[in-house]
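*Asks:* A single structure is presented below for examination.
The values are calculated or read from the model by the stated rules, or taken from the named source; none is laboratory data. All of these numbers come straight from a predicted model, not from anything done at the bench. In this analysis, Cβ positions are derived from the backbone assuming ideal geometry, glycine residues included, and neighbour counts consider all displayed protein chains.
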Amino acid sequence: MMQSLKLSVFSRNKSLTIFLIVRVFSTFVFQMTAVAIGWQMYSLTHSAFDLGLVGLFQFIPMLLFTLIVGMVADRFNRKFIVCFSQALLTLVFVFLAVSSGMGWISKEWILSIVFLLGTANAFQGPAIRSLLPNIVSKEAFVQATAGVSSLTQVATIVGPALGGILYLLSPVVVYAISGSFAFVSTILILFIKVTHKKEQRESITTKSLLMGISFIKARSIILGAISLDLFAVLFGGATALLPIYAASILKIGSFGLGMLRSAPAIGAMIVSLYLARRPINHAVGRSMFIAVLVFGISTLIFAVSTSFIVSFVALIILGASDVISVVIRSTLVQLGTPDAMRGRVNSITQLFIGTSNQLGEFESGITASWFGAMPAAVLGGIGTIAVVVAWIKMFPSLYHVNKFNYDGK
């Protein structure tokens with residue numbers, strides 16, 4: 001029975017296959033360009049603060065458009081939203097390739113382009129996250145989520161390493177390849193067949209725009225899950241400091257930077273493959289808290305390490321623990337949310353995730369500019385561990401969730 005379910009989910013669903021390809025391409029592109037943009041900015045300015053600005057300028061569009069993109073994802077065809085977002089990303093990468101090749105690149109130009117990247121991702125995020133429940137059945141969702149995660153982790157491993165290698169040739173090569181992948185995704189997404197989607201034509205009012213916030217506030221388990229991710233990763237955003245570690249502490253260059261960025265994905269891929277075969281069915285809440293605790297401890301180990309091998313292993317463990325939290329959180333949110341609300345709920349979730357990632361990068365950059373990279377990373381790890389302890393007390397209902405079949409409250 002289980003084997004036939006797996007075969008149906010991962011082999012016979014053509015729309016899921018296309019969805020996986022688009023997600024893999026998107027992840028691959030993001031990871032390659034993250035290495036190129038981070039290394040290019042640090043080469044230009046040698047400033048931890050400016051590295052933090054890259055994260056901030058990706059986050060600002062998410063903050064500005066959160067309510068709008070959620071309503072758009074619930075009101076219009078989600079495939080077309082992803083298509084238009086990928087088309088914008090294609091143009092952005094073309095601009096980056098041309099500007100790098102012509103020597104126009106500057107700190108201000110990079111930040112402007114990053115803002116456009118953030119805008120495209122802000123609109124794409126809620127739409128593409130809301131598509132998966134429309135492609136697979138509820139019963140197969142946990143396995144599908146783990147499967148998507150495992151395959152995207154492959155791109156997360158290959159992307160940074162390849163980005164670091166190609167950057168040695170030229171950043172133009174990185175951006176040109178990224179633009180090509182984004183263009184292919186623009187076409188492929190149109191071939192996904194949505195089987196459960198019902199078109200929503202709800203009037204746009206203040207109440208409807210804010211409904212995602214109201215929905216999450218009324219469900220402590222969902223609120224606890226996404227806020228735990230927000231604050232844990234906000235404090236534990238050591239990956240924002242990887243260019244500094246690669247250049248000044250570990251002294252391993254752009255290729256080594258790519259390897260470090262790949263390390264979390266190696267751990268995440270291993271665990272994702274395991275979860276695709278053996279989904280978490282018991283002690284869901286407790287497993288999530290333990291995973292975030294391990295994330296914080298791994299951040300501390302990475303922070304104080306001056307050895308490439310120790311740092312690499314710490315980041316592998318960090319990624320392994322993070323993907324457990326991601327799969328649990330995604331499943332709690334998606335299965336606890338009606339389809340008509342998924343766009344708005346996912347837009348709020350995206351804001352929380354974006355806050356923890358992009359704003360976390362900004363926080364890490366600021367802290368590193370004040371105290372240095374290593375003390376900043378240490379403080380981040382300690383902060384993550386403190387968040388776990390606080391959230392167990394604040395959200396006991398989340399900690400005691402045993403299985404995924406709950407009402408979200």
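*Asks:* Given the conditions (1) modelled with pLDDT of 85 or more; (2) within 15 Å of Val148 (Cα to Cα); (3) surrounded by 19 or more Cβ atoms within 10 Å (Cβ to Cβ), and given that Ile21 satisfies all but one, which numbered condition is not satisfied?
*Replies:* Of (1) modelled with pLDDT of 85 or more; (2) within 15 Å of Val148 (Cα to Cα); (3) surrounded by 19 or more Cβ atoms within 10 Å (Cβ to Cβ), only one is false for Ile21: (3).
*Asks:* Say whether the condition of being surrounded by fewer than 22 Cβ atoms within 10 Å (Cβ to Cβ), free of Cβ contacts under 8 Å to residues at least 24 places away in the same chain and touching a helix residue (DSSP H, G or I) at 6+ places or on another chain (Cβ under 9 Å) is met by at least one residue in segment 161-172.
*Replies:* No, segment 161-172 has no match at all.
*Asks:* Considering Ile366, Ile316, which residue is over 19 Å from Ala225 (Cβ atoms), at pLDDT below 85 and outside any loop (DSSP other than H, G, I, E, B)? Walk me through it before giving the result.
*Replies:* On the way: Ile316 fails: at pLDDT below 85.
Selected residue: Ile366, the only one of Ile366, Ile316 that is over 19 Å from Ala225 (Cβ atoms), at pLDDT below 85 and outside any loop (DSSP other than H, G, I, E, B).
*Asks:* Go over the candidates Lys409, Lys393 one by one and state the one that is basic (Lys, Arg), surrounded by fewer than 20 Cβ atoms within 10 Å (Cβ to Cβ) and at pLDDT 80 or above.
*Replies:* Details: Lys409 fails: at pLDDT 80 or above.
Result: Lys393 is the single residue among Lys409, Lys393 that is basic (Lys, Arg), surrounded by fewer than 20 Cβ atoms within 10 Å (Cβ to Cβ) and at pLDDT 80 or above.
*Asks:* Same structure, new question: What are the pairs with Cβ atoms under 6 angstrom where one residue, in segment 384-398, is over 9 Å from Phe235 (Cβ atoms) and assigned to a helix (DSSP H, G or I) and the other, located anywhere, is modelled with pLDDT of 90 or more and among the β-branched types (Val, Ile, Thr)? Sequence gap at least six, or different chains.
*Replies:* Close Cβ pairs (under 6 Å, with a partner that is modelled with pLDDT of 90 or more and among the β-branched types (Val, Ile, Thr)) amount to Val388/Val292.
*Asks:* Among what's in segment 245-260 and is crowded, with 24+ Cβ neighbours inside 10 Å and within 26 Å of Ala386 (Cβ to Cβ), pick the residue that is modelled with the lowest pLDDT.
*Replies:* Top of the filtered list is Tyr245.
*Asks:* Would you pick out the residues in segment 86-124 that are over 20 Å from the mean Cα position of the chain (by Cα), surrounded by 18 or more Cβ atoms within 10 Å (Cβ to Cβ) and more than 13 Å from Leu44 (Cβ to Cβ)?
*Replies:* Leu96, Ala97, listed by residue number.
*Asks:* hydroxyl-bearing (Ser, Thr, Tyr) and buried (at least 21 other Cβ atoms within 10 Å of the Cβ) - does that describe any residue in segment 56-70?
*Replies:* At the first step, the residues of segment 56-70 found to be hydroxyl-bearing (Ser, Thr, Tyr) are 66.
Cutting the leftovers down to buried (at least 21 other Cβ atoms within 10 Å of the Cβ) gives us 66.
Scanning segment 56-70, I find at least one residue that is hydroxyl-bearing (Ser, Thr, Tyr) and buried (at least 21 other Cβ atoms within 10 Å of the Cβ), so the answer is yes.
*Asks:* A further question follows. Mind checking which residues of segment 33-49 are over 14 Å from Leu242 (Cα atoms) and crowded, with 23+ Cβ neighbours inside 10 Å? Talk me through it step by step, then tell me what you get.
*Replies:* Just the residues of segment 33-49 that are over 14 Å from Leu242 (Cα atoms), to begin with: 33, 44-45.
Within segment 33-49, just Thr33 meets the criteria.
*Asks:* A follow-up question, please. Could you run through segment 16-47 and say how many residues are over 22 Å from the mean Cα position of the chain (by Cα) and not aromatic (Phe, Trp, Tyr)?
*Replies:* Adding up the residues that qualify gives 5.
*Asks:* Does segment 135-155 contain any residue that is at pLDDT 80 or above, touching a His at 6+ places or on another chain (Cβ under 9 Å) and buried (at least 19 other Cβ atoms within 10 Å of the Cβ)?
*Replies:* Here is the first cut: in segment 135-155, the ones at pLDDT 80 or above are 135.
Then keep just the ones that are touching a His at 6+ places or on another chain (Cβ under 9 Å); that gives 135.
Remaining after also requiring buried (at least 19 other Cβ atoms within 10 Å of the Cβ): 135.
Yes, some residue in segment 135-155 is at pLDDT 80 or above, touching a His at 6+ places or on another chain (Cβ under 9 Å) and buried (at least 19 other Cβ atoms within 10 Å of the Cβ).
*Asks:* Could I ask something else about it? Does Ser85 count as under 22 Å from Arg23 (Cα atoms), in contact (Cβ under 8 Å) with a residue 24 or more places away in the chain, among the hydroxyl-bearing types (Ser, Thr, Tyr) and in contact with a Lys or Arg (Cβ under 9 Å, 6 or more places away or on another chain)? Don't jump to the end; show me each part of the working.
*Replies:* Details: under 22 Å from Arg23 (Cα atoms): yes; in contact (Cβ under 8 Å) with a residue 24 or more places away in the chain: yes; among the hydroxyl-bearing types (Ser, Thr, Tyr): yes; in contact with a Lys or Arg (Cβ under 9 Å, 6 or more places away or on another chain): no.
Spelling it out, it is not the case that Ser85 is under 22 Å from Arg23 (Cα atoms), in contact (Cβ under 8 Å) with a residue 24 or more places away in the chain, among the hydroxyl-bearing types (Ser, Thr, Tyr) and in contact with a Lys or Arg (Cβ under 9 Å, 6 or more places away or on another chain).
*Asks:* When you go through (1) crowded, with 16+ Cβ neighbours inside 10 Å; (2) at pLDDT 75 or above; (3) part of a helix (DSSP H, G or I) one by one for Ser214, which number turns out not to apply?
*Replies:* The one condition Ser214 does not meet is (1).
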